[in-house]
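The structure appears below as structure tokens.
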Amino acid sequence: MTNTLSINNREYPSILNQTSIVICLDGSQKEYIDEASKLNLTPNLDDIIQKGENLMAHSAIPSFTNPNNISIVTGQPSSVHGICGNFFYTPETGKEVMMNDPQYLRAPTIFEKFYQAGAKIALVTAKDKLRTLLGNGLKFNEGRTICFSAEKSDQATKIENGIENVNEWLGMPVPEVYSQDLSEFVMAAGVKLMEEFKPDIMYLSTTDYIQHKYAPGHEVANKFYSMFDKYIGQLDELGATIIITADHGMKPKSKEDGSPNAIFLQDHLDDKFNKNKTKVILPITDPYVVHHGALGSFATIYLEDKNDLEDVMMEIKKIKDIEVVLNKEEGCSQYNLPKDRMGDIICMSSEFMTIGSSKDKHNLSGLNEPLRSHGGLHEREVPFIVNKKMPQIDSNKQLYNYDAFYYAISGTNS
């Protein structure tokens, strides 16, 4: 390897003295860790925080899973890599599509570039929707790359994933998607990969099913962080540089009676304007809506007639719990979003409110707990925990979750 690698306008040291691990602890705001720590459920994490760094960072906006995981693994916001939601709309085709296909990526991942330079790479994600994006540009026939999901661990092959018989290897069955077990599978696999595969760079990405359903301090949430603590202690003992961050936080979004607190924006706009004048797109939408019903804090609106822009924006601004209403130019500039994948208007709701489209389009039958969700500014504060002191982090500059690999890789040489 050369001494540095230039990846998406950042210079990374290419000589790794130890493994660099970044963990995206999905949906984890600081309070989850704090509450578990108060009950002495996270002794390993407490030790890491004591000896290292316990900082806060901003996520990319919208504070959803896909844009932030891809920001973390490219080191840049959506305006660079192009993934600005779990889901997006193309007016030219009239199609609404998932953004889990590598064709939508506009920047290489850190993994692709380090793999080309000779590094060993290990990637484990909870849900399979991220796997193809994370593994884009990697080859699995040289024994230097492993990339699989917990969700489809039984389908992993040497040709597609660099590993086979994962469940036998790990001694764990395929976990239920809507469970803590999905995240535990990721962490257990990370420990075993460190012990046996010994990657130069590893990324572990969990799922936020628990955080969507349970508040910080709830016994189920505490159990999750106690589980995580066990594995993070084992990883720390294996001598890697570790950074723990999150793709977004999570906030309560329900009324006193437990029903979802939502503004059904498409219904509202259809009442105020002719139908088909506006199209509300919710980038939180993905195949896994049981725990959030596709209700989040971010929406983008496409207009049939661009001349209606000011009128529609004025109407949305009248809605009390929609805090941010910006046109495409302003919104994309302010929040580093790709203009060609956003609507004419960008909206974000208040801390305890979500934005829906039409009420009849949301299946809320799976919400057997008061809704907790994310997507806007109130869920962008995330932990940034490092298992060693890292004085190179500039406290005067805004830290982002997508700085994680830069500092993890830099930290391997310190």
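Values in this text are rule-based calculations from the coordinates and carry no lab data. Since the structure is predicted, the reported quantities are computational estimates derived from the model, not experimental observations. Ideal geometry is used to build each Cβ from the backbone, glycine not excepted, and the neighbour counts take in all protein chains shown.
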query: Based on DSSP, what percent of beta bridges with both residues in the range 53-178 are antiparallel, to the nearest 5?
result: 45 percent
message: Treating only the Cα positions of the chain as identical point scatterers, give the base-10 log of I(q)/I(0) from the Debye formula at each q in 0.06, 0.11, 0.13, 0.14 Å⁻¹.
response: -0.23, -0.78, -1.08, -1.24
field: Long-range HN-HN contacts of Thr145 with modeled amide H, under 5 Å
entry: Ile121
message: Quick check: convex hull over the Cα atoms of the range 262-369, volume per residue in Å³, rounded to an integer?
response: 108 Å³
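Could you work out [θ]222 nm for the chain from helices alone, using -39500 (n - 2.57) per DSSP H run of at least four and dividing by all its residues? Round to the nearest 500 deg cm²/dmol.
Values: 15 runs with 126 residues, N = 414.
The helix-only estimate for the chain comes to -8500 deg cm²/dmol at 222 nm.
Quickly rank 188-197, 61-70 as a protection proxy: mean count of other C-beta atoms within 10 Å, highest first.
Output ranking for 188-197, 61-70: 61-70, 188-197.
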query: Could you give the distance between the Cα centres of the range 98-144 and the range 166-206, to the whole Å?
result: 17 Å
query: In square nanometres, what is the average projected area of the Cα convex hull of the range 1-135?
result: 10.2 nm²
query: So, by mean Cβ neighbours within 10 angstrom, what's the order for 369-381, 128-140, 8-20 with the highest one leading?
result: 369-381, 128-140, 8-20
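In square nanometres, what is one fourth of the surface area of the convex hull spanned by the alpha carbons of the range 86-126?
Values: hull surface 16.0 nm².
The orientation-averaged projected area of the Cα hull of the range 86-126 comes to 4.0 nm².
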- line: Averaging 1/r across every pair of distinct alpha carbons in the range 165-276 and inverting yields a Kirkwood hydrodynamic radius, in angstrom, of 17.1 Å
message: Which one, Val220, Val124, Val73, has the greatest fluctuation when you compute a Gaussian network model over the chain with C-alpha springs under 10 angstrom?
response: Val220
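Give the percent of DSSP beta bridges with both residues in the chain that are antiparallel, rounded to the nearest 5. Display every interim value, and only then the final one.
Working: 33 of 57 bridges.
Once the DSSP bridges in the chain are tallied, antiparallel ones form about 60 percent.
For the residues Ser254, Ser153, Ser259, what sequence is obtained by ranking on other C-beta atoms within 10 Å, fewest first?
Numbers: Ser254 19, Ser153 25, Ser259 12.
Arranged by neighbour count, lowest to highest, Ser254, Ser153, Ser259 become Ser259, Ser254, Ser153.
Order the peptides 21-31, 299-309 from the highest to the lowest mean number of other Cβ atoms within 10 Å of their residues.
Numbers: 21-31: 25.0, 299-309: 17.3.
Descending mean neighbour count gives 21-31, 299-309.
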